[in-house]
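Quick notes on the structure that follows.
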Amino acid sequence: MNFLFIGNPASTLIQQLCYELKKNKNISIDIISTSFFDSQINYSNYFNNIYHLEDKYKLLRKIPYLKIIYFIYNLRSLLKKLPTYNAVSIHYVYYFYAFLIEDFKSKGNKIILSFWGSDFNSTNYWQKYFIRIAVNNADIITTANEEMKDRLINKYKIPNEKCIIARFGLNILEIIKINFELLNKSNAKKYFKISDNFIITIGYNSNRNQQHIRIINEINSIKDKLPQNYILLFPLTYNFKNSSDYIALIQNKLIKYKLNYKFIDYYLTDIEVANLRVATDILIQLQKHDLFSGSMQEHFSAGSLVITGRWLPYQKFKDVGIYFREIEDFSKLNKLLLEAISNYNEENKLLKNNFIKVWNLSSWEKVISKWEHILGIIKN
């Protein structure tokens, strides 16, 4: 069987999905990269072929509206050159895919649209209008949680059976499980040269959606009440080069407030990511919006105490009994953070069962069969 994916080949979630699908199966997966930027990472474990959009007229990418037309033209031209596939799986639903839906249908017996979160949350009225056209012409719609499924059904009037909850698995869970004895806090902190520190990790990438500045402003008002050995850890690996101005703002704010901090701004291997999760004592994760945070689940499984926002769609985590703390708004952060630090030993005891609950929810062992059914690898 052969499949065409459309998305970012540098996405670890897409990579892991394709890797799991190809295990012990006669499956071929090609991908069209939706990014004009190439990476030096070797993708051969995940994809049979990677197709890149032609980029003869780079200036057009910088002109509003024209850049969309440029993208559509390039993608349509590329699709014409490709064979047909058993299914076309589209990851992240851009509104302008409405103008390409017939092109997609000409290349696959089944069209699958997978919503990632901001492709719904960060769209305006007209963008949603065009997304509705794409949705109506797709065979299957996927999303990662019940809340988003309900919102998609209500907004786009999707039949319930057409909208399916399909989660990405987390291979970091397997690394933590296999290396349980070696991956302890002491070793993990030594790895990042922060052995003697109480680690408060702020977010998990360099996107403004993480609201780093607001968190820093809140923490500054209680810095004298934090443990003397505290350090604020900022994982900034994702999209680092394109976020340099924003990262400079973060750093200037930290220097101004004289806060203790460390940036992680280089590419991390999976074992390094696992160490980062385990090293964290408390994770503060207060995004504006999210779908079903994989990074936060990795922190759950690694024993971090997570403080997140009640406005985020995390009811499923509560339903399965994962322990974490929530705030209603930013004004409550400082009180809860100090409370969590002062009662950390007691809080830590409540984290012990999080690993198995996350495993049952989001390990590839538990979720891959859903994707196999959606793609038609396994018949219902």
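Things worth noting here:
- Residue list for the stretch 129-143, filter: free of Cβ contacts under 8 Å to residues at least 40 places away in the same chain, open to solvent by less than 30 Å² (accessible area, probe 1.4 Å) and either more than 19 Å from Val88 (Cα to Cα) or assigned to a helix (DSSP H, G or I) (or both): Ile131
- Test: residue in the stretch 91-107 that is surrounded by fewer than 20 Cβ atoms within 10 Å (Cβ to Cβ) and under 30 Å from Asn275 (Cα atoms): yes
- Matching residues, the stretch 226-245, being part of a helix (DSSP H, G or I) and surrounded by fewer than 17 Cβ atoms within 10 Å (Cβ to Cβ): Lys241, Asn242, Ser244, Asp245
- Residues of the stretch 48-81 satisfying the condition of being touching a residue at least 24 places away in the same chain (Cβ under 8 Å) and among the β-branched types (Val, Ile, Thr): Ile50, Ile68, Ile72
- Looking across the stretch 102-128 at every residue that is in a helix (DSSP H, G or I) and at pLDDT below 95, the one that is nearest to Phe3 (Cα to Cα) is identified as Asp119.
- Residue count for the stretch 151-167, restricted to those that are in contact with a strand residue (DSSP E or B) (Cβ under 9 Å, 6 or more places away or on another chain) and not in a loop (DSSP other than H, G, I, E, B): 8
- Only listed residue being acidic (Asp, Glu) and under 25 Å from the mean Cα position of the chain (by Cα), chosen from Asp119, Asp55: Asp119
- Residues in the stretch 344-356 that are surrounded by fewer than 12 Cβ atoms within 10 Å (Cβ to Cβ) and either more than 17 Å from Ile322 (Cβ to Cβ) or aromatic (Phe, Trp, Tyr) (or both): Asn345, Glu346.
- Filtering the stretch 41-90 to residues that are within 23 Å of Gly376 (Cα to Cα), open to solvent by less than 20 Å² (accessible area, probe 1.4 Å), outside any loop (DSSP other than H, G, I, E, B) and aliphatic (A, V, I, L, M) leaves Leu79, Ala87, Val88, Ile90.
- Which listed residue, of Ala274, Ala248, is of a type in the set (Gly, Ala, Ser) and buried (at least 20 other Cβ atoms within 10 Å of the Cβ): Ala274
- In the stretch 144-155, residue most open to solvent (accessible area, probe 1.4 Å) [restricted to those that are farther than 12 Å from Ser114 by Cα and charged (D, E, K, R)]: Arg151
- Residue match in the stretch 76-92 (condition: under 28 Å from Leu291 (Cβ atoms), over 25 Å from the mean Cα position of the chain (by Cα) and among the hydroxyl-bearing types (Ser, Thr, Tyr)): yes
- Within the stretch 303-331, being more than 18 Å from Asn205 (Cα to Cα) and of a type in the set (Gly, Ala, Ser) holds for Gly303, Gly321, Ser331.
The values are calculated or read from the model by the stated rules, or taken from the named source; none is laboratory data. In this text, all values refer to a predicted model and were calculated from it rather than measured experimentally. Here the Cβ is made from the backbone with ideal geometry for all residues, glycine too, and neighbour counts use every protein chain on show. Surface accessibility is based on the protein's heavy atoms, side chains included, excluding ligands, DNA and RNA. Shrake-Rupley method; radii C 1.70, N 1.55, O 1.52, S 1.80 Å.
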